[in-house]
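The values are calculated or read from the model by the stated rules, or taken from the named source; none is laboratory data. No experiment lies behind these values; they were computed from the predicted model shown. So basically every Cβ, Gly included, is an ideal-geometry build from the backbone, and we count neighbours across all protein chains shown.
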Amino acid sequence: MENNVPKRGRPRDPERLKRVLEAAAQQFLEHGLERASVEAIAKASGVSKVTIYSYFPTKEALFEAAVASCTEEVFASIPRGALDPRDPENALTLIGKAFLQLKRSDKAVGTFRLMFAVTGQHAEACEAFYRQGPEELIHQIADYLRTAASAGSLSIRNADEAADQFLSLFLGSADIRVMLGLGKPKASEDARLIKANVDLFLRAYAK
């Protein structure tokens, strides 16, 4: 993933950057893009406003970095080495579980609602959200699918298209209900959804 933090002025302590991005995500979620306060983000993270601007020259750049850090959580939650290209069923189950965990979170739901609300008003922010959110996640899943195809466990010609199809399987009625505030599925329901989606995907692409 492209790093959104400029090398010049990069904080030496990654925990400090993490605090800034977490505070920024919360501020954007609670107040929206326009009303989000960098001063409040600085206060919540314990980092000066001047320092934050030295890392992220605009509020939009800070928003993009916050979205990117959210996307990274999907694969960060999967144990290193767990995505075995010879075992796509297990790997895709782990990816599906991590994706749903993020997609069902209040942070992700709130961010999606925020972006839909500002569509047409903040084109650059919407583009950044798409680039660092859905598009980046598709690319990361496609990378795994390519390794699985190279290992001979999947038969895929267009990995990006297949990755998009896999994620799209999770955006059905349950996701719509979540986005509309009509309740979240039980863990057992999501578990069944993951298994059904992985089975369907493998019927299409397994060798």
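Screening region 34-47 for residues that are out of contact with any helix residue (DSSP H, G or I) (no Cβ under 6 Å at 6 or more places or on another chain) and assigned to a helix (DSSP H, G or I) and picking the one that is modelled with the lowest pLDDT gives 34.
Taking the criterion of being acidic (Asp, Glu) and modelled with pLDDT of 95 or more, the only residue of region 132-150 that qualifies is 143.
Would it be correct to say that residue 109 is at pLDDT 85 or above, among the aliphatic types (A, V, I, L, M), outside any loop (DSSP other than H, G, I, E, B) and under 25 Å from residue 173 (Cα atoms)? Answer is yes for this residue. Among the residues of region 31-75, those that are more than 27 Å from residue 100 (Cβ to Cβ), out of contact with any Leu (no Cβ under 6 Å at 6 or more places or on another chain) and aromatic (Phe, Trp, Tyr) comprise 53, 55. Has region 48-65 got any residue that is modelled with pLDDT of 85 or more, charged (D, E, K, R) and touching a helix residue (DSSP H, G or I) at 6+ places or on another chain (Cβ under 8 Å)? Yes: one or more hits. Considering (1) surrounded by 19 or more Cβ atoms within 10 Å (Cβ to Cβ); (2) under 11 Å from the mean Cα position of the chain (by Cα); (3) over 28 Å from residue 188 (Cβ atoms), the lone condition that residue 111 does not fulfil carries the number (3). If you go through region 154-178 and pick out every residue that is exposed (fewer than 15 other Cβ atoms within 10 Å of the Cβ), of a type outside the set (D, E, K, R) and closer than 22 Å to residue 112 by Cα, you end up with 5. Does residue 94 satisfy the criteria of being aliphatic (A, V, I, L, M), on the phi < 0 side of the Ramachandran plot and free of Cβ contacts under 8 Å to residues at least 60 places away in the same chain? Here the answer is yes, as residue 94 does meet what is asked.
Selection of helices (runs of 4 or more DSSP H) fully inside region 132-207 by the criterion of at least 3 residues being under 20 Å from residue 111 (Cβ atoms) and touching a residue at least 24 places away in the same chain (Cβ under 8 Å) returns 136-150, 173-179.
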